[in-house]
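Student: Shown below is the structure under consideration.
The values are calculated or read from the model by the stated rules, or taken from the named source; none is laboratory data. The structure displayed is predicted, hence computed values, not measured ones. Note that each Cβ is placed from the backbone with ideal geometry, even for glycine, and that neighbours are counted across all protein chains shown. Ligands, DNA and RNA are stripped out before the accessible areas are found, and what is left, the full protein with its side chains, is counted by its heavy atoms. Shrake-Rupley method; radii C 1.70, N 1.55, O 1.52, S 1.80 Å.
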Amino acid sequence: MQTIWLGGAEWLAVLRIGLGLWWLESWRHKDKKGWFERGTGIAWAADVAGKHRWPVVGKGFQRVVAPRPKAMAYVVVYAELALGLGLVFGFLTPVALVCGLLLNLLYLVLMIHDWAEQGQNAMMALISLVALLAMSWQTWSLDAAIGLFR
């Protein structure tokens, strides 16, 4: 593969690192005090799920998230941090890519009516899929340095 400036493997690493930075920005801009102390993030998601056009989304939210709002707030916020760090540093990269893809798909389903959110989640899911299938952890990663996921 011929490219300008970097080789194909390096461009895939750039894509992976960029996705990691995107996850870190999602984590950085969250009002953690609101999420953890006032429950704003989960309350917002409960409102969205309750009005969702697909009843299964509201029912699933009531079964899984609503009984444990504080724990789920920590799961969401720190999952975004862990995904970002894992992708930027290339540590457990395939795991981070699969988990990020699943989280973006979950966000896509929850926000099915909000086209602004859909674009971000669709692009992040697409990048995750490309980075996963192209094995983007082979270059510029801790995984490559320690010999994981050859």
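Student: I'd like to verify a number: residues in region 9-31 that are without any contact (Cβ under 8 Å) to a residue 60 or more places away in the chain, surrounded by fewer than 17 Cβ atoms within 10 Å (Cβ to Cβ) and not in a loop (DSSP other than H, G, I, E, B), how many? Show your work before the answer.
Tutor: So in region 9-31, the residues without any contact (Cβ under 8 Å) to a residue 60 or more places away in the chain come out as 11, 14, 25-31.
Next cut, surrounded by fewer than 17 Cβ atoms within 10 Å (Cβ to Cβ) only: 14, 25, 28-29, 31.
Those still in the list that are not in a loop (DSSP other than H, G, I, E, B) too: 14, 25, 28.
Of the residues in region 9-31, 3 are without any contact (Cβ under 8 Å) to a residue 60 or more places away in the chain, surrounded by fewer than 17 Cβ atoms within 10 Å (Cβ to Cβ) and not in a loop (DSSP other than H, G, I, E, B).
Student: I'd like to check something: does region 92-114 contain any residue that is open to solvent by less than 20 Å² (accessible area, probe 1.4 Å), over 17 Å from L15 (Cα atoms) and either modelled with pLDDT under 95 or assigned to a helix (DSSP H, G or I) (or both)?
Tutor: Checking region 92-114: at least one residue is open to solvent by less than 20 Å² (accessible area, probe 1.4 Å), over 17 Å from L15 (Cα atoms) and either modelled with pLDDT under 95 or assigned to a helix (DSSP H, G or I) (or both).
Student: Related question: Quick one: how many residues across region 71-104 are touching a residue at least 40 places away in the same chain (Cβ under 8 Å) and of a type in the set (V, I, T)?
Tutor: So the count comes out to 4.
Student: Still on this structure, I have one more. Whether any residue in region 73-88 is over 30 Å from F149 (Cβ atoms), assigned to a helix (DSSP H, G or I) and among the aliphatic types (A, V, I, L, M) is what I want to check. Step through it out loud before you land on a result.
Tutor: Of the residues in region 73-88, the ones over 30 Å from F149 (Cβ atoms) are 73.
Right, trim to assigned to a helix (DSSP H, G or I) and you get 73.
Narrowing further to those that are among the aliphatic types (A, V, I, L, M): 73.
Yes, region 73-88 contains a residue that is over 30 Å from F149 (Cβ atoms), assigned to a helix (DSSP H, G or I) and among the aliphatic types (A, V, I, L, M).
Student: Show the residue pairs meeting these rules: Cβ distance below 6 Å; 6+ apart or different chains; first residue within region 113-142 and free of Cβ contacts under 8 Å to residues at least 60 places away in the same chain; second residue assigned to a helix (DSSP H, G or I) and among the polar types (S, T, N, Q).
Tutor: Cβ pairs passing all conditions: N121/N104; A125/N104.
Student: Restricting to region 10-67, name every residue that is basic (K, R), under 21 Å from A125 (Cβ atoms) and at pLDDT below 95. Break it down into steps so the answer makes sense when it comes.
Tutor: The first filter runs over region 10-67 and keeps only residues basic (K, R), leaving 16, 28, 30, 32-33, 38, 51, 53, 59, 63.
Keeping just the survivors that are under 21 Å from A125 (Cβ atoms) gives 16, 28, 30, 53.
Within region 10-67, just R53 meets the criteria.
Student: Being touching a residue at least 60 places away in the same chain (Cβ under 8 Å) and out of contact with any Pro (no Cβ under 7 Å at 6 or more places or on another chain): is that true of E37 here?
Tutor: Working: touching a residue at least 60 places away in the same chain (Cβ under 8 Å): no; out of contact with any Pro (no Cβ under 7 Å at 6 or more places or on another chain): yes.
Spelling it out, it is not the case that E37 is touching a residue at least 60 places away in the same chain (Cβ under 8 Å) and out of contact with any Pro (no Cβ under 7 Å at 6 or more places or on another chain).
Student: Further question: Take region 118-148 and flag every residue that is within 23 Å of M72 (Cβ to Cβ) and loosely packed, with under 15 Cβ neighbours inside 10 Å. Break it down stepwise before answering.
Tutor: From region 118-148, those within 23 Å of M72 (Cβ to Cβ) are 118, 120-121, 124-125, 128; that's our starting set.
The one that is within 23 Å of M72 (Cβ to Cβ) and loosely packed, with under 15 Cβ neighbours inside 10 Å: Q118.
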